[in-house]
Structure formats: structure tokens, C-alpha cells
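Below is one structure, written out as C-alpha cells; comments come after it.
The values are calculated or read from the model by the stated rules, or taken from the named source; none is laboratory data. Quick caveat, the model's predicted, so the values are computed rather than measured. Counting neighbours? That spans all protein chains shown, and the Cβs are built from the backbone with ideal geometry, glycine included. SASA here: full protein model, heavy atoms, side chains in, ligands and nucleic acids out. Shrake-Rupley method; radii C 1.70, N 1.55, O 1.52, S 1.80 Å.
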Amino acid sequence: MAISNLQVARAAYQPKLPKALQGPVKAVEGAATQSVGNQEEIKALFPNTYGMPVITFEAGEKVDLPAFNVGIILSGGQAPGGHNVISGLFDGVKSLNPENKLYGFILGPGGLVDHNYMEITSELMDQYRNTGGFDIIGSGRTKLEKEEQFEKGIEILRELGIKALVIIGGDDSNTNACVLAEYYAAKKYGVQVIGCPKTIDGDLKNDEIETSFGFDTACKTYSELIGNIQRDCNSARKYWHFIKVMGRSASHIALECALQCQPNICLVSEEVEAKEQSLDDVVTYIAQAVANRAADGNNFGTVVIPEGIIEFIPAIKKLIAELNEVLVDPATGEMREFPSKEEQVAFVKSHIAAENLAVLESLPADVERQLCLDRDPHGNVQVSLIETEKLLSAMVAKKLEAWKAEGKFVGKFSAQHHFFGYEGRCAAPSNYDADYCYSLGYNASRLIANGKTGYMSIIKNTTAPADQWIAGGVPITKMMNIERRNGANKPVIRKALVELDGAPFKFFAANRDVWAKETAYVYPGPIQYWGPTEVCDQPTKTLQLEQAK
């Protein structure tokens, strides 16, 4: 593997650990827990892993443990810091007993089912410390939800002498981890399952999980790019830049980038839904800001758009909910198959409500076709494939033309389009994510050593210096509720949306009118790894505002 000078230098960085993890630990148990919703249903589905206490680690006495092996899986989309979770887990299990081994399953959960694995050695691990990406073992999106998968998994776990499996993933992956933990506990197979909270979207958080790993680095990466565009925008002064960023189910990335960069406009999907705004309402809001700046002679600006905003517009959300159901065969629970795309479109149009059909046919033809055809691995409409930035700019241009004919708009409007997605998923982790991820992995080894299963590794108080961070674990069932997925009610971890009464949004809302009218751009620059603490070691503004620090 070719290695850059930055990677060589970065490999020497030693991530910081919470004080409680710097030596032997003891587990302090809190009160019994219950799920955030549908308590009776979740308890019935997870009788062996429901109601367990939240765990906090404190300094303890050294306990000699016999050698044991651990497996690790990277699941779902990449997020900066995944390699540091693995290095933290590696160092943690080796510190418990040098004879312990760590096995990585190749290309995600499918590697467990297909018995595709490799041992992670010290020599291999040292090549990946503090690097971005998931390429040490790769990732995949196979869902662990069927009994035959669990049984195939236990075969290889027993063969390798693995007593615990760590699954690094988002809400769906950790839901699957919880299902697996419950199954192995019910069967008394003696295999523990631990989760780690990963997603750059930032929507895997709650009272116990302050932030999902990768969010900090991804937002800093996108904010650098947005800042570069704003600098260009303010230099040329002739374009409106429509910038779509990741975040289908929540607008955390868009909001954080707005807090860092102060663009003229940032749309927040949760607000659009709460205000029951139509697509025309959103377009009019943007067009009015364009007209207001044009009146001051500023025919340029920036608009930050979360990729999932279309799905939060109530009429379109209702349409998409039906589209997610109509292509599922109720007899099998599987996606229907069609001889051609045209027949699939025709089937959809003939099987949805008239109200939803009218909304569908009001959209541009290419968007209409995308909604009828494209599905993700979970059977849901692939909203991220809709070029929302182009859709909105085209509709804004059309409205401004009408206003110009009426004498309501006197400026010029020319748009440029950007979508920042993959650019942030495998960036080299920031100091915050390097430390946070390493701590999550190291902490997972302590949950294993304390016999826990069905837990998520958690690190709290992360706006403080790292040695003051609080380590522990939360039962995954505590975060679950029942939701409609792929035509059926299923237990899932509840996603965290932007809270409109939360400090980050309130700060944004208090300043956005000024940002819309003035050119108040901030240019954050690239992620820094060395230099003053106030530059290099800061968490996201979202987390600082939430923690009131």
C-alpha cells in the first residue's frame, strides 16, 4: 500500500483516551432502562436484552482474563474514523491479554455469513491508524435479520473462537446488531454483540450518544469546500451556488455547515415539515432572498440544501410513503419485479391514490421517473438520487422570470450546482474523531471484558478535554421503537432529527436573516491536525451549542 507523507506523520499521532480507560476499569450500573417508544412491543421482541442498565466505567482493579478472540464488522456507508475504532478495539483487547486476537469480516455483515475474514495483526493495524476510509476490511450493506444468517455466523464464530462481535454502523446496522445479540442470548450461544455509533449524517444520537462518529470530520470537510465556493462566489460575484449536502433523514450536516460558513440560505428539512411548507413555498423563500440581494446590487449567493428536503415537504412525503409501500408484494414482503421500467412506472401510477398521483405528475418528468423506479437496499425511494439542487434552482429561475415580467425583480440570476457527498465520507479523521473513535473502540473491549451484550459503546462529555470524557455503554433496546419499514412494522433505532427548539437551530434562526441579506461568509479552511488547540481540537458547533459550551 502506497503511503503519503501526511499518513506517515499522522500514524505517529497517539489518540487520547478518557481517564477511566487509561487503566483497569469497573462497571457501575445505573437504573433499569426502557425503550424510547412502543415499550411492550420492544420488550416482547427482545426479552433477553431489554431493560438492562446504562453502564459507566470508573477506575478499577486489574483482573486477569483468559485469552479470547473478537470479531469486527464495518457496516453501511463509510465514515471518517472507522479505522480508529478498529485500532482502539485492537489495542484494547491486546491490553486485556496479549494472546487475544482480532478478526475482521470482509465487506461487511456478508463476510460473517459467507465466512470471509482475516486476522488483523499489529503490522496490518499500524498501516491504518488515524486514516480515513473503511478499506482495511471493507464495508457492506447486507442486513443481518434472518435465522439462517445468524446460524451461518455462529459457525465461523465458533471455529475462530470468537466470544464477542463488534458491529460498527448506523441506526439500521445497530438495530441488526441488537437482533443478533438477542438471538445469540436466547440460544445461549455465549457470543456477545456490541455496537458502535457511526454515521456522518449525525442522526444517530440521543440522551446517551452525544454524536455519531464521522460527523465532525465530514462537516469540516464539507465546510472547507463550501467556504472555498463562497470565496469564489464573492470574487466573481455573478453566480448563485446551490450546494446539496448529505443528510437524507435529517438536516444536521446542512445546519452544522451553515453554522461554520454562514451561507445566504440554508434549508432545514425539519422546519419545512413543521411549517407544512409546499415546494412552491420553499422556492419562493429562495427567490425572495435572491431578489433582495439583487436590489442591493448583489447578484450572487450560496444556498445549502440537505439531500432529503424533498421528502420533508408534507405532500411529497405522503407520496413517498405510498411509493415505499406500493412496490412491496404483501404476500412475500419482497420488492415486486417488472419486465421493464415502463411497466413499473405504469404500475405505480395505477396503484397510488389520486391525490398522490397529482403530486407525482406535478414534478419534472425526470424526478417523477426517479421516484417510481429507484430503490435503496431497504426498498425505500432513493431520494439522494434526485438532483434537488438543480430542481430548486430551475424553479427559482422560472419564478424570477415571472417576477421580472411583473417588475418585481431587477437583477440577474445564474446558477451553479454542487453535491458534496462522497467527498466527506472517507476523509482523514479530525483530531476530535480520531480521539472519539479510538475511545469508542477501546471502550468496546471493556464492555466485552465485563460480559456485556446488546450494548452500544458510548463516550460522553466530549466538549471537555479528552481525559474528562465519560466512557460506558447503553443498551441498544433503550433507543428503539416500532416504525413502518418496507411494508411492515419493524423495531428500529429512532433517528434523531434537528430539534427546532434546540440551541443549534435557535442560533441559526437568530442569524439567518442577516446572512441572507449581507455577504457574511466565513471561510473555515481545511481540517488542521497540528497547531493551536483552538484551531485543531474543536468539536462541532452543533455539539458546543447543545452542551452550552
Whole-Å distance linking the alpha carbon centroid of the stretch 55-84 with that of the stretch 473-518 is 27
So LEU385 and THR284, fully extended at 0.36 nm per residue minus their Cα-Cα distance, gain in nm 34.0 nm
What is the helix-to-structure angle for 82-96, meaning the angle in degrees between its Cα long axis and the longest Cα principal axis of the chain, kept from 0 to 90 and rounded to the nearest 10? 20
Hey, what did the stretch 380-537 get for relative contact order, percent, Cα under 8 Å, at least 6 apart? 14
Work out the FRET efficiency for VAL535 and SER350 from their Cβ-Cβ distance, taking R0 = 51 Å, and round it to the nearest 0.05. 0.30
Taking the structure as given and computing semi-axes √(5λ) of the Cα gyration tensor in Å, which label from (1) 38, 27, 20; (2) 37, 30, 23; (3) 41, 29, 20 fits? (3)
Starting from the Cα gyration tensor of the stretch 31-129, take the square roots of the eigenvalues, sort them a ≥ b ≥ c, and report rounded, prolate or oblate (rounded when a/c is under 1.5, otherwise prolate if a/b is larger than b/c, else oblate). oblate
Sparse-neighbourhood loop sites, GluC sites (Glu not before Pro) in the stretch 386-436 - DSSP loop, at most 14 other Cβ within 10 angstrom: GLU406
Qualifying aspartates and glutamates (Cα of each under 20 Å from Cα of LYS152; at least 8 residues distant if same chain): ASP114, GLU119, GLU182
In the chain, what percent of the accessible surface is made up of carbon and sulfur (1.4 Å probe, ligands and nucleic acids excluded)? 50
Just to check I understand the Karplus step: with θ = phi - 60° and J = 6.51 cos²θ - 1.76 cosθ + 1.60, what whole-Hz values come out for the stretch 28-42, glycine and proline as x? 9, 8, x, 6, 4, 10, 9, 5, 6, x, 6, 4, 5, 5, 5
Quickly estimate the mean residue ellipticity at 222 nm for the chain, helices only: each DSSP H run with n ≥ 4 gives -39500 (n - 2.57), and the total goes over all residues, rounded to 500. -13000 deg cm²/dmol
Can you give the alpha-carbon Rg of the stretch 251-352 over 2.2 N^0.38 Å, where N counts its residues? 1.47
In the chain, if the dipole is taken from +1 on Lys/Arg beta carbons and -1 on Asp/Glu beta carbons about the Cα centre, which of GLY77, SER350, LEU17 is farthest to the positive end? LEU17
Rounded to the nearest 5, the percent of DSSP beta bridges in the chain running antiparallel is 40
Length gained when the stretch GLU155-SER122 is fully extended (0.36 nm per residue, less Cα-Cα span): 9.3 nm
For the stretch 430-453 and the stretch 108-159, what is the separation of their Cα centres, given in Å? 18
So what's the angle, to the nearest 10 degrees on a 0 to 90 scale, between helix 279-295 and the longest Cα principal axis of the chain? 60
14 Å cut-off, amide nitrogen to a point 7 angstrom out along TYR523 Cα→Cβ, residues in the stretch 229-247: 229-237
Pairwise centroid distance, computed over Cα atoms, of the stretch 329-357 with the stretch 252-270, Å: 36
